[in-house]
Amino acid sequence: MPYRVTVVGLPGALVDLGKELAAAGLEVALLPEGARAWTSALIRDYVRDADALVGTFAGIALPREVLAAGEKLRVVVSPVIGTEHIDVAAATELGIAVGYGATPENYLGVAEAIVMEMALLRKNFLAKQAAVREGGWRVAHPGNMVRGATVGVIGFGNIGRGLAKRLAGWECNLLATDPYIDPAVAPPLNVRLVDLDTLLRASDFVVLAVTLTAETRHMIAAPQLALMKAGAFLINAARGGVVDEPALLAALDQGKLAGAAIDTWEQEPSPADHPLRTHPKTLVTGHNVGHSEEAYASLPVAAIENTLRGLRGEPPLHFRNPDVVAKWRERLRRLGVNS
């Protein structure tokens with residue numbers, strides 16, 4: 001009997017993932033598109049007998065009670081890098097592996113985009129472009145070099161490390177803060193580990209590269225923005241909920257910050273009349289600044305591999321909760337899986 005996989009609403013580039021999982025020999029059930037809350041009937045029909053759940057779960061989050069109802073669940077797979085709609089802590093507690101789309105094409109694409117945004121902001125590109133488009137020519141402030149700037153990265157995972165590698169030849173001073181890195185172990189790539197307040201005070205660029213959790217929601221709000229250097233830039237390549245948007249708008253309006261690059265928003269799509277969309281100091285994109293054809297090609301391949309490996313009792317290729325391994329092995333033994 002083939003493994004049963006429930007697939008939950010997928011974005012455009014991944015819309016055919018259900019068909020591709022079926023082509024890999026899996027029995028695929030698609031959750032109804034209009035589902036916005038888990039009912040007892042949906043749990044009964046789509047979770048209770050599922051061996052795997054695959055999806056971003058945007059619009060219908062995957063909480064502990066739903067995970068616990070999946071008595072046969074071996075693995076949950078997010079085909080994208082974000083897992084904020086999945087209760088990863090609960091999955092770990094229950095002994096369920098979580099795979100995600102942390103392909104190099106994905107996170108290195110974001111790192112490339114951050115370097116691009118840094119150069120555009122630091123060299124006052126927005127004002128220079130606006131001057132020419134509006135019939136003028138040059139602007140009074142030519143901007144500054146990126147060389148010599150202090151770059152502070154909040155969250156030193158795949159994106160943060162990819163960014164540090166790409167800045168190796170730019171002669172920047174690199175700082176990072178990350179509670180999951182042992183401060184006794186020297187970080188790689190000439191990066192100095194500091195606490196958050198020190199990073200905010202010292203950085204010309206503050207780059208957000210963290211996942212959205214209860215701890216990181218609004219971690220950059222008015223008190224943190226007040227600590228930043230006058231004339232600094234904020235780059236959010238993480239999740240919109242990490243930044244208090246009204247506080248950021250105030251910091252830009254008051255001249256505290258010289259600019260911001262915003263790719264992720266608290267509400268997505270952001271409202272058409274959102275003041276940060278048209279602010280003269282913002283570089284804005286719609287949660288796709290690091291996307292590429294290469295990334296889109298890599299995500300379904302990784303999602304299928306993560307799913308198949310998890311079903312076979314092998315660690316996902318890209319493992320979101322590797323600390324689950326002991327409990328996962330125990331769960332697999334109860335399910336009669338040799339791993």
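Derivation of every value follows stated rules applied to the coordinates shown; laboratory data play no part. Everything quoted here is computed from the prediction, not taken from an experiment. In this analysis, Cβ positions are derived from the backbone assuming ideal geometry, glycine residues included, and neighbour counts consider all displayed protein chains.
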- Message: Relative contact order for segment 212-304: what percent, with Cα pairs under 8 Å and sequence separation of 6 or more?
- Response: 26
- Query: Using the Karplus equation 6.51 cos²θ - 1.76 cosθ + 1.60 (θ = phi - 60°), what ³J(HN,Hα) coupling, rounded to whole Hz, does each residue of segment 18-29 give in order, writing x for Gly and Pro?
  - Reply: x, 5, 6, 5, 5, 5, 7, x, 9, 8, 10, 10
- Once amide H atoms are built 1.01 Å from N in the peptide plane, which residues 5 or more positions from residue 99, or in another chain, come under 5 Å H to H? 76, 77, 78, 320
- Message: Given segment 104-284, report the % of alpha carbon pairs whose separation exceeds 31 Å.
- Response: 12
- Item | the chain: relative contact order in percent, alpha carbon pairs under 8 Å with at least 6 residues between | 19
- Counting pairs of Cα atoms in segment 53-111, how many percent are more than 19 Å apart? 28
- Query: For segment 104-284, what is the charge dipole size about the Cα centre, in debye to the nearest 20, if Lys and Arg each add +1 at the Cβ and Asp and Glu each add -1 at the Cβ?
  - Reply: 700
- Message: Cut-off 10 angstrom, C-alpha nodes, Gaussian network model of the chain. Which of 311, 120, 208 fluctuates the most?
- Response: 120
- Task: Provide, as a two-decimal number, the C-alpha radius of gyration of segment 1-153 over 2.2 N^0.38 Å, N being how many residues it has.
- Result: 1.50
- Item | In degrees, nearest ten, helix 325-334 long axis to first principal axis of the chain (Cα) | 20
- Message: Which of rounded, prolate or oblate describes the chain when judged by the alpha-carbon gyration tensor and an a/c cut-off of 1.5?
- Response: prolate
- If one takes the longest principal axis of the Cα atoms in the chain, at what angle in degrees, from 0 to 90 and to the nearest 10, does the Cα axis of helix 104-122 lie? 20
- Message: Can you compute the radius of gyration and Dmax for segment 191-258, using only the Cα atoms, both in Å?
- Response: 11.3, 32
- Selection from 276, 257, 228, by position along the positive dipole direction of segment 192-339 (Cβ): 228
- Query: Which pairs, out of 165/229; 165/256; 128/281; 128/229, put more than 21 Å between their alpha-carbon atoms?
  - Reply: 165/229; 165/256; 128/229
- Message: What's the longest uninterrupted piece of the chain once you rule out the GluC sites (Glu not before Pro) that are loop residues per DSSP with at most 10 other Cβ within 10 Å?
- Response: 216-339
- Note on the structure: Sorting 118, 131, 146 by the position of each Cα along the dipole of the chain (Lys, Arg +1; Asp, Glu -1; all at Cβ), the one nearest the positive end of that ordering is 146
- Query: Under a GNM of the chain (C-alpha, springs under 10 Å), which listed residue has the highest mean-square fluctuation: 161, 64, 122?
  - Reply: 64
- Task: Please turn the phi angles of segment 204-216 into ³J(HN,Hα) values with the Karplus equation 6.51 cos²θ - 1.76 cosθ + 1.60 (θ = phi - 60°), one per residue in order, whole Hz, x for glycine and proline.
- Result: 7, 10, 10, 10, 8, 9, 10, 7, 8, 9, 4, 6, 9
- Note on the structure: Over segment 26-74, the quotient of the Cα radius of gyration and 2.2 N^0.38 Å is 1.04
- For the chain, modelled as a Gaussian network with Cα springs under 10 Å, which listed residue fluctuates most, 32, 63, 79? 32
- For the chain, calculated [θ]222 nm from helices alone, where every DSSP H run of n ≥ 4 adds -39500 (n - 2.57): -10000 deg cm²/dmol
- Message: How many angstrom lie between the Cα centre of segment 13-87 and the Cα centre of segment 303-339?
- Response: 16
- Item | Relative contact order %, segment 1-105, counting alpha carbon pairs below 8 Å whose residues are six or more apart | 25
